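**Student:** Take a look at the following structure, please.
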Amino acid sequence: MKLQHIYHQAKRAVLIAALAPLSAGLLTGCSDFLEVDPLEVVVLENFWNEKADVDNVVAGCYYALQSDACIRRMIIWGEARSENVAPGTNTTNDASLLNLLNENITAKNAYTNWNDFYTVINRCNTVIKYAPDVAAIDPGYTESELNATIAEMIGLRSLCYFYLIRTFRDVPFSRVAYTDDDQEMMLPALPFENVLDSLIYDLESVKDNAVERYPTIKPLYQTGRITKDAIHAMLCEMYLWKKDYDNCIKYADLVIASKKKIADEIERQSRSSSSSSGEDQLRLNGFPLITDLSSSSTFGNAFDYLFTRDYESATSPTNKEVIFQLIFDDYNTSMVRNSAVNELYGHMNSHQGYLKPSDFITEDIAKTSGRNVFDDRNNKMDARMYEACNTSSATTCINKYTTRQTTVNADTKDPKARYDNWWDQNNNGSNWIIYRLSDIMLLKAEALTQKLREGSDTEIISYNDPIISQAFSLVNAVNKRSVCQNLSALTDTLVAGDFRTKEQMETLVLRERQRELMFEGKRWYDLVRKSQRDGNTITLSQAALQKVTTGSALISNKLSKMDAIYWPYNYEELKVNTLLKQNPAFSSGDTSSYE
């Protein structure tokens, strides 16, 4: 993490705060800008004086996580090694990306650099350190506000560490703010399990102090800031990785209940809402998802709200489903653009970015039977086939996050998609979603599935049946949302009788997560989690090999090692931090790939 470089930045707080005005539009409204003293007059000891100073640095924490480097890694760490994506247009401009797409990863690959995540972590630690001092001298900064700030910063810090351990497994961990050159800056990597337990402990300690609901006049705060729902979502997923399935289910239920309450309020306030209670019950099994149905035979409503446009109204259906997202804006010149999506996924001038849907995905969509991702029963009536990626033109491309509007006309048995208003080059304003409701529903379904028992005797069947019913209802609601049929003709694509065993349910949940969350930076982590749980890499290796055309035997051998499903430590980091020991799958840690 090049601690000497990163933590030296925190010695003078203005290096954090100076960035905050650029993101102030997100946090206070597009016309509000924070005023800070010039760089040369602001020093650590005279900066932390009032609540506005704390708010300024908090904004800087979010700004740092919005950086191209962080978003790029969320995408690449979560997708590039999976079977979802392949090299697209001009990928040769990024040698590191091209190498890892071919599973040729070395410690000198640029994407093994974790500096930007540790920068966010140290900014959060700095707020946690100095905010109590501000509360002691600023009577306008109440104890409840201080506790909420600390909860928010612990949540953001925990999210960053969670990305790091899912990617690298064992990582340096510290709750200390590095603001002094004399502080010891070299840390050994702590085991995955120890860091995960620490994250859970921290979040459990502060979850009740987090903001539950922001004022309706600040609608972007509700999904653009760490709230109690966001912390519950993190705990839900962390407990799943810990194999504590009861707690995973507990926190998933809290998120679902909270979103249902918000959905009910939106419905009462706006009777013109795009989702009626009848639609919820019939199509969504009562879950407060956004319906994808736009009219009797047109779909794309949910996709548009989630991935193509900004909605700032407190009664927007977006607030029913999104739990936490990083906010971008193409209108306000002071706001940051989503440049990572722009380059990796595509834009107006080049619909295909550095990444494209793999042939495995596009061929699966084209099939009429024998599919490996989308279900055969839907007869090509799954709107996500057309929404997530464009396979109708000669140049296949990722559609999610890259267009301003997508519609799927399903008045025939062969739906047609229309993609409008691609984001301009270098001007992508799409928000990057970290957690949304369907993700949490499927995490709960996965936890329920892991509670199932093997066997077929009467006692086991009696135990399993209600659990299978719960898990299937969750998966079916997510799936049925995207079935291109109006209510009068709606049928279940998935049939409960096809999924009666633990293995069948586990396969169903993993497939549904791939269909629903494709290109959202989730797939590789799902495969790694399954490998951790199974104690082998069979499923992960089989998935990764689906997009390989040459060298499959070599890659299969590489990925047979559990160590190899994680990433190596960066070569420069090993030179700076001598306490780090390289992932044993990556040989000497310099130009060599695997042993």
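The values are calculated or read from the model by the stated rules, or taken from the named source; none is laboratory data. Everything numeric here is computed off the predicted structure, so don't read it as measured data. Here the Cβ is made from the backbone with ideal geometry for all residues, glycine too, and neighbour counts use every protein chain on show. Quick note on the areas: whole protein, heavy atoms, side chains included, nothing else; ligands and nucleic acids left out. Shrake-Rupley method; radii C 1.70, N 1.55, O 1.52, S 1.80 Å.
**Student:** Which FRET efficiency, nearest 0.05, do Ser462 and Ser369 yield, Cβ-Cβ r, R0 30 Å?
**Tutor:** Efficiency computed from Cβ-Cβ geometry: 0.30.
**Student:** With charges only on Cβ, +1 for K and R and -1 for D and E, what is the dipole size of the chain about its Cα centre, in debye, rounded to 20?
**Tutor:** Computed about the Cα centre, the dipole is about 1380 debye.
**Student:** Quick one: accessible surface of Glu265, probe radius 1.4 Å, all protein chains present, in square angstrom to the nearest 10.
**Tutor:** 50 Å²
**Student:** Given labels modelled 7 Å from the Cα in the Cβ direction, how far is it in nm from Arg500 to Asn379?
**Tutor:** Each label point is offset 7 Å from its Cα along the Cβ direction, giving 2.6 nm.
**Student:** Continuing with the same structure: Check the stretch 487-595 and count each lysine pair with an alpha-carbon distance under 19 angstrom, considering only pairs eight or more places apart or from different chains.
**Tutor:** Count of close lysine pairs: 7.
**Student:** Now for a different question. What are the residues whose amide H is under 5 Å from the amide H of Ile434, where those residues sit 5 or more places off or on another chain and H is modelled from the backbone?
**Tutor:** The answer is Phe324, Gln325, Leu326.
**Student:** Percent of accessible area on the chain owned by carbon and sulfur, 1.4 Å probe?
**Tutor:** 48 percent
**Student:** Is any residue of the stretch 388-417 close enough, with backbone N under 11 Å, to a label point placed 7 angstrom from the Cα of Asn427 along the Cα-Cβ axis, and if so, which?
**Tutor:** Nothing falls inside the zone, counting backbone N under 11 Å.
**Student:** Karplus couplings for the stretch 236-246 from phi (6.51 cos²θ - 1.76 cosθ + 1.60, θ = phi - 60°), rounded to Hz, Gly and Pro as x?
**Tutor:** With coefficients 6.51, -1.76 and 1.60, one gets 4, 6, 4, 5, 5, 5, 7, 6, 9, 6, 5 Hz.
**Student:** Ignoring ligands, DNA and RNA, what accessible area per residue does the stretch 468-518 give at 1.4 Å, in Å²?
**Tutor:** Each residue of the stretch 468-518 exposes 34 Å² on average to a 1.4 Å probe.
**Student:** In Å², what does the accessible area per residue of the stretch 327-411 work out to with a 1.4 Å probe?
**Tutor:** Solvent-accessible surface per residue comes out at 35 Å².
**Student:** Also: Provide the gained length on full extension for the span Lys250 to Ser313, in nm with one decimal, where the gain is 0.36 nm per separating residue minus the Cα-Cα distance.
**Tutor:** Net length gain for the segment: 19.7 nm.
**Student:** Any chance you could check the Cα centroid distance between the stretch 93-163 and the stretch 202-231 for me, in angstrom?
**Tutor:** Measuring centre to centre over Cα atoms gives 17 Å.
**Student:** If you roll a 1.4 Å probe over the heavy atoms of the protein chains, what accessible area per residue do you get for the stretch 141-253, in Å²?
**Tutor:** Heavy-atom SASA per residue in the stretch 141-253 reads 35 Å².
**Student:** Does the stretch 284-379 come out rounded, prolate or oblate by the C-alpha gyration tensor, with a ≥ b ≥ c the root eigenvalues, rounded set by a/c under 1.5 and, if not, prolate when a/b is larger than b/c and oblate if not?
**Tutor:** oblate
**Student:** Can you compute the modelled spin-label distance between Lys581 and Thr412, with each label point 7 Å from Cα toward Cβ, in nm?
**Tutor:** Those two pseudo-labels are separated by 6.4 nm.
**Student:** Taking θ as phi - 60°, what are the ³J(HN,Hα) couplings along the stretch 257-268 by the Karplus curve (6.51, -1.76, 1.60), each to the nearest whole Hz, with x for Gly and Pro?
**Tutor:** Coupling constants for the stretch 257-268: 5, 5, 5, 5, 5, 4, 4, 5, 5, 4, 5, 5 Hz.
**Student:** Now for a separate question. Enter the accessible area of Glu506 (Å², nearest 10), with the probe set to 1.4 Å and all protein chains included.
**Tutor:** 40 Å²
**Student:** Looking only at the stretch 218-257, which residues have a backbone nitrogen under 19 Å from a spot 7 Å from the Cα of Ser473 in the C-beta direction?
**Tutor:** Answer for this model: 246-257.
**Student:** Next question. Mind running the shape call on the stretch 411-505? Use the C-alpha gyration tensor, a ≥ b ≥ c as the square roots of the eigenvalues: rounded below 1.5 for a/c, prolate if a/b tops b/c, oblate otherwise.
**Tutor:** It comes out oblate by the Cα gyration axes.
**Student:** While we're on this one: Express in whole angstrom the spacing between the alpha-carbon centres of the stretch 420-478 and the stretch 52-75.
**Tutor:** What the calculation gives is 29 Å, centre to centre.
**Student:** Taking amide H positions as placed in the peptide plane 1.01 Å from N, state which residues far from Gly353 in sequence (5 or more) or on other chains have amide H under 5 Å from it.
**Tutor:** Answer set, sorted by chain and number: Thr89, Gly346, Ile398.
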